[in-house]
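Report on one structure; see the data block that follows.
The values are calculated or read from the model by the stated rules, or taken from the named source; none is laboratory data. Note that the coordinates shown come from a computational prediction; the quantities given were computed from them, not determined experimentally. Cβ sites come from the backbone with ideal geometry, for glycine too, and all protein chains shown count toward neighbours. Calculation scope for accessible area: heavy atoms of the full protein, side chains included, ligands and nucleic acids excluded. Shrake-Rupley method; radii C 1.70, N 1.55, O 1.52, S 1.80 Å.
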Amino acid sequence: MQIRDRQRFVELLALHGLSQRKLAELAHVSQAFISLLSHGRRGARPETAWRIASALGVLTEELFVSKTAKLEKATATPVTSTPPITLATTRPPVPQRSTRFLTRHRPHWERAASRTHGRQPRRPLTCRTMAAAA
């Protein structure tokens, strides 16, 4: 649930002579939560909204609005007389990636294989090759 009207929330705090910290103590939440809630950056669960509204002496519906009601209001399409815009059926060409991008973003096993730059990979040393070198 979100605060319905920030101005009304601030007025209620001033009317009751409460600070955000004192309201937080009464509602058993943190002061940071009250601040985020009043700025609209955080929502409250219904029981938390009820505790805050009770501490301010108002109904929960007067102070808070549910997220679903906000979504319904936002998604309601206004009636207009203009026809809907149709999208073009052809898509623009996809830009080609440069070879530099392809060499940087290859899987690690392909990058490891290309480190030899066309040379034969070095053979691991075995007992025979070490004996022959000595």
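Of the residues making up the range 44-60, just one is open to solvent by less than 20 Å² (accessible area, probe 1.4 Å) and in a loop (DSSP other than H, G, I, E, B), namely Ala44. Filtering the range 36-63 to residues that are closer than 16 Å to Leu12 by Cβ and basic (Lys, Arg) leaves only Arg51.
Kindly provide the set of residues from the range 9-41 that are in contact (Cβ under 8 Å) with a residue 24 or more places away in the chain, assigned to a helix (DSSP H, G or I) and open to solvent by less than 80 Å² (accessible area, probe 1.4 Å), ordered by number.
Within the range 9-41, Phe9, Val10, Leu12, Leu13, Leu23, Ala27, Leu37, Ser38 qualify.
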